[in-house]
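Okay, so here's the structure we're looking at.
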Amino acid sequence: MTASPDVIEDAPLAQETPPPSATLGGDSKRSVEQLALLFFITVPFVALLAAVPLAWGWGVSWLDLGLMVAMYYIGCHGITIGFHRYFTHGAFKAKRPLRVALAIMGSLAVEGPLVRWVADHRRHHRFSDAEGDPHSPWRYGESVPALLKGLWWAHVAWMFDQEQTPQQKYAPDLIKDPDIRQVSRQFVLWTSVSLLIPPLVGGLVTWSWQGAVTAFFWGSLVRVALLHHVTWSINSICHAVGKRPFKSRDRSGNVWWLAVLSCGESWHNLHHADPTSARHGVLKGQLDSSARIIRWFEKAGWAYDVRWPDAGRIDSRRKA
């Protein structure tokens, strides 16, 4: 089980060191996981730049588009429901099969090993938009040049900084879980699976190498690049602009036009005002597909003790 939200947010952080066999991925700058992440950030980004002229000149098939959308939302909800709301903040509890499934789904997003992702995000909340935050866009100051530099830092550059968040300090609960520890260490494996599913399906459906190649381009490379930049926009854009109807100690804002693509994560002001809430889009008209799916999990009996916001909880966090 995940640590309770109160333990995650408020208790002193554990310092225990796991045995050597529990070594996790992404804990050094030149680890295999870090090099793989660098490669799978750069290559999909190049594909994303090429996507517009290719779509204009040759079009995109419904199969390629379907694979891109399906894989995008599997990975996106794996990040938002699994890595973020469940593993990082304990917004609900999950039965074992769902717990492992969410770990794998989030890994398909190709955003780094699970335990490192969670450790970085818990550290972000501990020092949000202050010294110690690993990816605040206000890192260099408030002038326009400083903010532009900070936005680049918060969007992507911070992931390759020499300083790494100590995973044993910020995610000891996950390190103790052998299943989760294994999924985290298998980042390169799940990255490979994520990238190979679209060309495998595309090749089998069309029974051609061309179908496999175009499915790989759209369903793997373009999809990963788009999901990366939407996720990173929560760190950069949603901490620089947006409406702030709720009280928080940072500059997190709600950015409505990212809501559908981010699966509800861009209602970021409420999230920082109430980090353990299972729903981020709490106001009228705020779409939050992640909360909807958590509700389905709850009805199916796979998720329980869900921390849903009620009217009193929401009102207590509104600005006066």
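No value in this document is a laboratory result; all are computed from the given coordinates. Everything numeric in this text was worked out from a predicted model, so none of it was measured. Cβ coordinates were reconstructed from backbone atoms using ideal geometry, including for glycine residues, and neighbour counts include every protein chain displayed.
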Please find the FRET efficiency linking Lys149 to Trp207, where r is the Cβ-Cβ separation and R0 is fixed at 51 Å, and quote it to the nearest 0.05. 0.55
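Could you tell me which of the pairs Lys247/Lys284; Lys95/Lys299; Lys169/Lys247; Lys93/Lys176; Lys149/Lys243; Lys176/Lys247 are separated by over 24 angstrom between their Cα atoms in the structure shown?
Over 24 Å apart, Cα to Cα: Lys169/Lys247; Lys176/Lys247.
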